[in-house]
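Novice: Let me give you the structure first, and then I'll get to my questions.
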Amino acid sequence: MTLARNGVSIRTERLNKAFGPVQAIRNLDLEVLSGNRFGFLGPNGAGKTTTVRILSGLLRQTSGYAEVCGIDVSRDRDSIKAITGLLPETPGLYSKLSAVEFLEFIGALNGQSDEKLHRRIDSLLGVLGLEGRQDDLLESYSSGMKQKVLVASTLLHNPKLVFLDEPTSRLDPSASAVVKDLILVLSEETDTTFFICTHMTGFAEDVCDVIGILNQGGVVARGSPQEIVDSAGAGDLEDAYLRIVGGKVDREALLAWR
Ligand SMILES: Nc1ncnc2c1ncn2[C@@H]1O[C@H](COP(=O)(O)OP(=O)(O)O)[C@@H](O)[C@H]1O
Ligand SMILES: [Mg+2]
């Protein structure tokens with residue numbers, strides 16, 4: 001298996017994806033270093049999910065280059081799948097299974113062997129703080145607990161890189177806080193790189209050490225949350241984000257009809 005060169009986990013060069021007339025990704029240049037918690041921040045329709053689907057080997061680009069841990073994503077999809085984990089935007093969960101049964105099922109789909117898989121499941125359940133509830137059916141779990149199990153399911157095969165597509169967008173603030181803490185703990189306890197799509201500036205600020213802001217298919221700002229705030233001359237990340245992607249409401253224009 002190819003190792004990441006120079007600690008670079010993801011690299012894209014002039015990556016493009018068109019769906020018919022819709023240019024979802026436009027000459028995207030991206031670099032994510034190993035071990036980063038990279039926040040891919042952008043409004044609905046910016047191209048975040050499309051990028052993740054290309055990088056995880058699910059979708060072929062129209063043109064340009066992308067590599068993950070030194071592997072060309074359009075050439076060796078099986079290797080990409082073996083070294084990455086993906087939490088999709090709308091994941092499926094089997095409510096009539098317990099957490100352990102669900103994780104065993106996902107592990108079996110990955111082709112993992114019994115004993116190693118059970119050790120991994122035990123250690124993940126420990127990190128998640130779900131011991132004691134692991135044999136309860138998932139239908140009895142809160143949204144935050146379900147999301148923990150889903151995040152765990154992406155980590156079973158000990159991937160080098162995990163894509164989390166909008167991991168908190170359907171969660172209430174307390175469930176979001178659980179997922180935030182989980183990502184921070186997992187990032188400290190493993191050397192996994194996290195690539196996290198979100199449109200929530202607060203989440204990105206709390207969790208990510210590097211942020212790339214995506215707008216209309218291209219990266220328009222990159223840096224630590226503080227660097228982005230400073231370079232936009234903004235007060236905080238939300239203010240910087242709204243200045244960069246637009247969306248500041250023109251109150252004068254809005255009230256002009258009166
Ligand atoms: N399968 C598809 N067929 C047609 N258009 C698509 C498809 N997937 C995404 N798009 C379009 O590509 C653009 C980017 O979408 P997406 O990557 O889902 O953005 P985001 O995840 O940032 O909200 C949008 O205009 C969307 O409508
Ligand atoms: Mg999306």
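Since every read-out is calculated from the coordinates, none of them should be taken as a lab result. Here the structure is a predicted model, which means the values were calculated and not measured. A quick note on method: Cβ atoms are made from the backbone with ideal geometry, for glycine too, and the neighbour counts reach across all protein chains shown.
Novice: Can you tell me the Rg and Dmax of the stretch 66-163, counting just the alpha carbons, in angstroms?
Specialist: 14.1, 43
Novice: Here's another thing I want to ask about it. Roughly how compact is the stretch 135-215, stated as its Cα Rg over 2.2 N^0.38 Å to two decimals?
Specialist: Taking the Cα Rg and dividing by 2.2 N^0.38 Å, one obtains 1.10.
Novice: Do you know the relative contact order of the chain, to the nearest whole percent, from alpha carbon pairs under 8 angstrom that are 6+ apart? Mind showing how you got there, number by number?
Specialist: Details: 463 pairs, mean separation 64.8, N = 258.
Dividing the mean separation by the residue count of the chain yields 25 percent.
Novice: Quick one: check the C-alpha center-to-center distance for the stretch 15-40 versus the stretch 165-192, whole angstrom.
Specialist: 22
Novice: Taking the Cβ of residue 132 as the center, what net charge do the other residues with Cβ under 15 Å away carry, scoring Lys and Arg +1 and Asp and Glu -1?
Specialist: On the way: positive: 133, 148; negative: 122, 131, 135, 136.
The answer is -2.
Novice: Now a separate question. Using the Kirkwood radius built from alpha carbon pairs, what does the Stokes-Einstein equation give as D for the stretch 202-258 at 20 °C and 1.002 mPa s, in µm² per second?
Specialist: 174
Novice: Could I ask something else about it? For the chain, how many pairs of lysine residues have a Cα-Cα distance under 18 Å, where the two are 8 or more positions apart or belong to different chains?
Specialist: Number of lysine pairs found: 7.
Novice: Quick check on the chain: helices-only [θ] at 222 nm, where DSSP H runs of length 4 and up contribute -39,500 (n - 2.57) each and the sum goes over total residues. Nearest 500, please. Let's see the in-between values first.
Specialist: Numbers: 10 runs with 99 residues, N = 258.
Counting only the DSSP helices, I get -11000 deg cm²/dmol.
Novice: So how much slack lies between residue 226 and residue 96, counting 0.36 nm per residue of separation and subtracting their Cα-Cα distance, in nm?
Specialist: 42.4 nm is the gain from fully extending residue 226 to residue 96.
Novice: Let me ask you something else. From the phi angles alone, apply the Karplus equation (6.51, -1.76, 1.60; θ = phi - 60°) to the stretch 61-78 and give each ³J(HN,Hα) in whole Hz, x where the residue is Gly or Pro.
Specialist: Each residue of the stretch 61-78 in turn: 6, 7, 7, x, 10, 9, 10, 10, 6, x, 9, 5, 5, 8, 9, 10, 5, 5 Hz.
Novice: How far apart, in nm, are the 7 Å Cα→Cβ label points at residue 252 and residue 140?
Specialist: Spacing of the two 7 Å Cα→Cβ label points: 6.1 nm.
Novice: Of all beta bridges DSSP finds with both residues in the chain, what is the antiparallel percent, to the nearest 5?
Specialist: 55
Novice: Output the relative contact order of the stretch 3-98, whole-number percent, from Cα pairs under 8 angstrom with separation of 6+ residues.
Specialist: Answer for the stretch 3-98 is 30 percent.
Novice: Same structure, new question: Which whole-number percent is the relative contact order of the stretch 20-163 (Cα, under 8 Å, 6+ apart)?
Specialist: Computed value for the stretch 20-163: 26 percent relative contact order.
Novice: Strictly greater than 26 Å: what percent of every Cα pair in the chain meets that?
Specialist: Above the 26 Å cut-off, the chain has 43 percent of its Cα pairs.
Novice: Write out the trypsin sites (Lys or Arg not before Pro) in the stretch 53-124 meeting two conditions: DSSP loop, and at most 14 other Cβ atoms within 10 Å of their Cβ.
Specialist: 60, 75, 96
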